[in-house]
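A.B. asks: Sharing a structure here in structure tokens format.
The values are calculated or read from the model by the stated rules, or taken from the named source; none is laboratory data. What you see is a predicted model, and the numbers here were worked out from it, not measured in a lab. Ideal geometry is used to build each Cβ from the backbone, glycine not excepted, and the neighbour counts take in all protein chains shown.
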Amino acid sequence: MSVLADLDAHILDLAWAGVLYWLALGFSALLLQRWRGALVHLVFPLSALGGLFIAAVGVAGLVLPASAMVLPIGLPDLPFHLRLDALSAFFLVLLGSAAFGITVYAAGYFHSMKAGPLALVGLWYHLFLAGMATVMLADDAYAFMVAWEVMALSSYFLVTTDHDVPEIRRAGFLYLLVAHVGAVSLLLTFGVLQGGHGAYTFDYMRHSEITPFWASAAYLLALFGFGAKAGLVPLHVWLPEAHPAAPSPVSALMSGVMLKTAVYGLLRVTFDLLDLRIGWWGTLTLALGLVTALYGVIFAAVQSDMKRLLAWSSIENIGILIAAFGLTLIFYTEGKGALAALSLTAMLYHAINHAFFKSLLFIGTGSVLHATGERRMGRLGGLIRFMPWTAWLTLIGALAIAGLPPLNGFVSEWLLLQAFLLTPGLTQPYLNMVIPVAAASVALAAALAAYVMVKYFGVIFLGRPRDPALEHAREANWPERLGMLWLAAGCVALGLFPAQVIAWIAPVVRQLTGQALANDGNWLLLAPLAAERASYAPLIFLAVVLVVLLFTFIWVRRVYHGRVRHADPWDCGYPEQNARTQDSAEGFGQPIRHIFVSFMRVERETPDPFDRHPHYRGDSRDKLWLLLYKPIADLVGWLSAQAGRLQHGRIQWYLTYSFVTLIVLLVFVSR
């Protein structure tokens, strides 16, 4: 008991020590900029251990009471308030466990980078980690926004690591622009929540009363601000540009962890800082989540760039998370506490699942990019023969994100579909029509996600190499393999032991909704709400699959007596088959492009009939960019050009502008 009491008294000190540890490693990277070996073999491995430490602190925070502290840093009247409760502890576990695998991988990935740029990457990388951890610990608006900006700026510098490339600079600028538009919305959110009293601590906001109008205003502002960071449609335009531009470990951190800080913020504001929730919030959020999920997976299906495909897939998964959040709000406002707990459990489960399988896919893609120098799937193929470790570990991530049992992606999507299917009659008649449509939309998004993963893995790793140079591809180094192995093991463990994971999530669900999910099963059986309604036993499922495979293997050995016959595959009667006649990334996406053509602008470049070297190029553009953002960009450009006329080089006019501005300000202040 004394150990638990001591841990309870110092748990927040330990969490803050973990943040300071990451900061110290970041600045030490600058001191070691002349010694690349020390950066790779010392700083990044120590940083990975910091991830395990943060995850351990989070696990302890889930079972201990909430604790708070005030740090005398910052402005004189605005110290940092920190708090560790079940919600922040859960996201610290997510951050630390994913960061461990990604950072181990990063030690191998950055091995060939020059020492000078690597020192800067080390600085921004650790500021990024520290910023995300502080966001989850902040207990006042000032600390939250400072950490939010540190997270945004450090990730911007990581995205623009190769800043000599114009496309990367443009992607970084777009990301920074959307991030700061969202940050302004969050500032307004906290301004509404403090109610004009000048008290920006979260504790004050928790106990303040707010009218339904201002509560709705705060919620909409928070949804916009956090939605911009999460990539919620139509605020998603930065994500398919920034994620592919960043180094692969950074892409994994941004997609696997950073997007979840927006989910954390939305949960914090809605269920912790606001003292009431209004019915239409859930319907709006559910609709936005479903649109985001379908929009993201449709565009993922037509991508030919493997990192851009994963970026669009992240948009789809964020849509699933936001849809689950909207469903939770609907059940909560309808007084269906058990179903609210079920849908929130599904959301949190999917959040940590996505942190593992999407990080695994991004770093697996990074190994392919490192080995081949190629991001276009149409020029890859057959890599499972040359990179078997990478291929098999990436396959685990692909199967997990496709929602196949017994891996982790199946559990969270199954729980979410159970929440839809177990919905009773609701008081609002329109909701009884919305829920079935929403369930069908989630099922469609899940099916298309599996289709996308068949394309992703099949085109890159199976078949024959589409370029002879691929035969020289080399397997990932050992730090890269160990990072992938950790994340793959997480996908397996989270899938095989769902009852234990749900028990671990229960304190968070209880804190936010007032009750945890009731599991009518045991350590072997997952039965949410009632066993007679639906149940799932992944270990039994796995045992059955293994037994079937074993008997199949024995039968084949007996029938064929161990003989192996090599033969050419059936070629449908076409002579002279070569690597270019295989299914391509463009071919996989063609049916989706044809069916959902109204969502995208398809640009084609067809060959001339008399061209001796014909080629075809097709590109699917986001219509929202063309219809919404491009006109805004053109308008801003026009206004900037008009404002540029004021810059004519005449000092007399500049003095006149200053004088008029001063008079206007004096008149305004005098009132």
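A.B. asks: Return the residue satisfying two criteria in turn: it lies in segment 446-482 and is among the small types (Gly, Ala, Ser) and within 29 Å of Thr292 (Cβ to Cβ), and of such residues it is surrounded by the most Cβ atoms within 10 Å (Cβ to Cβ). Please lay out each step first, then the result.
C.D. replies: Of all residues in segment 446-482, those among the small types (Gly, Ala, Ser) come to 446-447, 449-450, 458, 463, 469, 473, 476.
From the residues that got through so far, the ones that are within 29 Å of Thr292 (Cβ to Cβ) too are 446-447, 449-450, 458.
Working: Ala446: 23, Ala447: 13, Ala449: 25, Ala450: 17, Gly458: 17.
Looking at residues that are among the small types (Gly, Ala, Ser) and within 29 Å of Thr292 (Cβ to Cβ), I get Ala449.
A.B. asks: Follow-up question, since we're still on this one. Can you find a residue in segment 478-486 that is basic (Lys, Arg), part of a helix (DSSP H, G or I), closer than 30 Å to Arg206 by Cα and touching a residue at least 24 places away in the same chain (Cβ under 8 Å)?
C.D. replies: Quick first cut of segment 478-486, residues basic (Lys, Arg) only: 481.
Filter once more, keeping what is part of a helix (DSSP H, G or I): 481.
Adding the requirement that they be closer than 30 Å to Arg206 by Cα leaves none.
No, because not a single residue in segment 478-486 is basic (Lys, Arg), part of a helix (DSSP H, G or I), closer than 30 Å to Arg206 by Cα and touching a residue at least 24 places away in the same chain (Cβ under 8 Å).
A.B. asks: Could you grab me the full set of residues in segment 77-101 that are under 14 Å from Trp16 (Cβ atoms) and polar (S, T, N, Q)?
C.D. replies: Listed by number, the list holds a single entry, Ser88.
A.B. asks: Given His180, His163, which one is in contact with a helix residue (DSSP H, G or I) (Cβ under 8 Å, 6 or more places away or on another chain) and in a loop (DSSP other than H, G, I, E, B)? Outline the logic, then answer.
C.D. replies: Working: His180 fails: in a loop (DSSP other than H, G, I, E, B).
Just one listed residue meets the conditions, His163.
A.B. asks: Oh, and also: Which of (1) closer than 26 Å to Pro424 by Cα; (2) part of a helix (DSSP H, G or I) does Ser314 not meet, given it meets every other one?
C.D. replies: Failed condition: (1).
A.B. asks: Across segment 59-118, which residue is surrounded by the fewest Cβ atoms within 10 Å (Cβ to Cβ) among those that are out of contact with any Pro (no Cβ under 8 Å at 6 or more places or on another chain) and of a type in the set (Ser, Thr, Tyr)?
C.D. replies: So the residue we want is Ser112.
A.B. asks: Could you check segment 332-387 and list, in sequence order, the residues that are polar (S, T, N, Q) and more than 22 Å from Ala300 (Cβ to Cβ)? Break it down stepwise before answering.
C.D. replies: Keep residues of segment 332-387 that are polar (S, T, N, Q), which gives 333, 343, 345, 353, 359, 365, 367, 372.
Within segment 332-387, Thr333, Ser343, Thr345 qualify.
A.B. asks: Of all residues in segment 402-416, count the ones that are assigned to a helix (DSSP H, G or I) and buried (at least 22 other Cβ atoms within 10 Å of the Cβ). Let's see the steps before the verdict.
C.D. replies: Our first condition is that a residue be assigned to a helix (DSSP H, G or I); within segment 402-416, this holds for 408-416.
Still in the list and also buried (at least 22 other Cβ atoms within 10 Å of the Cβ): 408-413, 415-416.
Counting residues in segment 402-416 that are assigned to a helix (DSSP H, G or I) and buried (at least 22 other Cβ atoms within 10 Å of the Cβ) gives 8.
A.B. asks: Residues to consider are Phe331, Phe356; find the one that is in contact with a helix residue (DSSP H, G or I) (Cβ under 8 Å, 6 or more places away or on another chain), part of a helix (DSSP H, G or I), farther than 25 Å from Met453 by Cα and hydrophobic (A, V, I, L, M, F, W, C). Talk me through it step by step, then tell me what you get.
C.D. replies: On the way: Phe356 fails: farther than 25 Å from Met453 by Cα.
When all the criteria are applied, what remains is Phe331.
A.B. asks: Being in contact with a Pro (Cβ under 8 Å, 6 or more places away or on another chain) and among the acidic types (Asp, Glu) is the filter; apply it to segment 606-655 and report the residue that is modelled with the highest pLDDT. Break it down into steps so the answer makes sense when it comes.
C.D. replies: Filtering segment 606-655 down to residues in contact with a Pro (Cβ under 8 Å, 6 or more places away or on another chain) leaves 607-608, 614-616, 622, 624, 628.
Narrowing the set further to residues that are among the acidic types (Asp, Glu) leaves 608, 622.
Numbers: Asp608: 64, Asp622: 73.
Applying the filter and picking the extreme gives Asp622.
A.B. asks: Further question: Looking only at helices (runs of 4 or more DSSP H) that lie completely in segment 205-255, which have at least 3 residues being touching a residue at least 24 places away in the same chain (Cβ under 8 Å) and within 23 Å of Gly279 (Cβ to Cβ)? If you could, list the steps in order and put the result at the bottom.
C.D. replies: Details: elements: 212-230, 239-245, 248-253.
Of the helices (runs of 4 or more DSSP H) lying wholly inside segment 205-255, those with at least 3 residues that are touching a residue at least 24 places away in the same chain (Cβ under 8 Å) and within 23 Å of Gly279 (Cβ to Cβ) span 212-230.
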